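Taking it in order: structure first as structure tokens, then the write-up.
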Amino acid sequence: MSLSDSPRAVVTGAGSGLGRAFCLVLARTRHARIVCADIDEAAAHRTAAEVGGTAVRCDVARVEEVEALAATAERALGGVDLVVNNAGVAVGGRVGEVPLDDWRWIMGVNLWGVIYGCHVFAPRLRAQGSGHILNVASAAGLLAPPGMAPYNVTKAAVVALSETLSAELKDAGVGITVLCPTFFRTNIAASSRAVDNKQRALIEKLMSQSKIQADDVARLALDAAAHNELYALPHADGRWMWRLKRAAPSSFASMSAKIVSRHSR
């Protein structure tokens, strides 16, 4: 697919962080027409004002709101060429200690939100014979570090969903890309649940030290989508760790446990 000819785009979680970056990059470099969706309606309006787009309040954990988002995009844009399922939250902690309500919360946004986005938009793209879905996962979905089970599980499922869709839509003219970044500055740590202060401080330190930040991640992900690449891993550390895990999975698991243990002291 081409993203160079003013694509009609829908971006969830568009009010801040990576979602806002996607909207800005799409507007500035791809001349896109954008529907900016966020559960925070005021934030969605702020991003929409920056890119000349349409703002929609959407809780992606509710399928009826995702269906309403698609209907709004049809009215505002006359169709959709690119869907960025970006909205996400974070939950940390060990299995058996994380409250089940927090598991349900993150599953609703990170997993069901992407499922609903694909369920609602994939048939539309299939019917028109073109388009692209960009699902935002995480390197955590590939690497499964200890102490992040709820987040890992949702992101690994998004990777699996994307891989499945890629095969299902291969002959329909519709592309799929799954984005798996490591650390960059967003608001996700500040709004996370079941993450202690020490863990949050470490995450925020790693985010701030990254040489590749939200605008770069968005740009590289959109480049991957434009080249119809299934996987987008914008950070070198994520690419190397994924290679190491595939080469020596048991050794990688032991190493990961040791690294996390050292940082948690």
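The values are calculated or read from the model by the stated rules, or taken from the named source; none is laboratory data. These numbers come from a predicted model, not from an experiment. Using ideal geometry, Cβ is built from the backbone for each residue, glycine included, and neighbour counts are taken over all protein chains shown.
In the stretch 202-220, is there at least one residue being surrounded by fewer than 22 Cβ atoms within 10 Å (Cβ to Cβ), in contact with a strand residue (DSSP E or B) (Cβ under 7 Å, 6 or more places away or on another chain) and either acidic (Asp, Glu) or at pLDDT below 85 (or both)? Within the stretch 202-220, none of the residues are surrounded by fewer than 22 Cβ atoms within 10 Å (Cβ to Cβ), in contact with a strand residue (DSSP E or B) (Cβ under 7 Å, 6 or more places away or on another chain) and either acidic (Asp, Glu) or at pLDDT below 85 (or both). Only one of these is hydrophobic (A, V, I, L, M, F, W, C) and at pLDDT below 95: ALA156, ALA149. Name it. Only one candidate passes the filter, namely ALA149. Among the residues of the stretch 82-110, the ones that are touching a Leu at 6+ places or on another chain (Cβ under 8 Å) and of a type outside the set (Val, Ile, Thr) come to 3 in all. Checking each residue in the stretch 79-106 for being in a loop (DSSP other than H, G, I, E, B), acidic (Asp, Glu) and at pLDDT 95 or above picks out only ASP81.
Per-residue answers, yes or no, for (1) in contact with a helix residue (DSSP H, G or I) (Cβ under 6 Å, 6 or more places away or on another chain); (2) surrounded by 21 or more Cβ atoms within 10 Å (Cβ to Cβ):
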{"position": "ALA32", "(1), (2)": "yes, yes"}
{"position": "THR54", "(1), (2)": "yes, no"}
{"position": "ASP59", "(1), (2)": "yes, no"}
{"position": "GLU74", "(1), (2)": "no, no"}
{"position": "GLY78", "(1), (2)": "no, no"}
{"position": "ASP81", "(1), (2)": "no, yes"}
{"position": "VAL84", "(1), (2)": "yes, yes"}
{"position": "ALA87", "(1), (2)": "yes, yes"}
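Selection of first residues in the stretch 112-130 that are without any contact (Cβ under 8 Å) to a residue 60 or more places away in the chain and of second residues that are in a helix (DSSP H, G or I) and among the small types (Gly, Ala, Ser), restricted to Cβ pairs under 7 Å at least 6 apart or on distinct chains, gives the following pairs, ordered by first then second residue: VAL120/ALA70; ARG124/ALA70; ARG126/ALA172; GLY129/ALA172. Looking at the stretch 109-140 only, could you name the residues that are among the hydroxyl-bearing types (Ser, Thr, Tyr), surrounded by fewer than 20 Cβ atoms within 10 Å (Cβ to Cβ) and either in a helix (DSSP H, G or I) or modelled with pLDDT under 95 (or both)? None - no residue of the stretch 109-140 is among the hydroxyl-bearing types (Ser, Thr, Tyr), surrounded by fewer than 20 Cβ atoms within 10 Å (Cβ to Cβ) and either in a helix (DSSP H, G or I) or modelled with pLDDT under 95 (or both), so the list stays empty.
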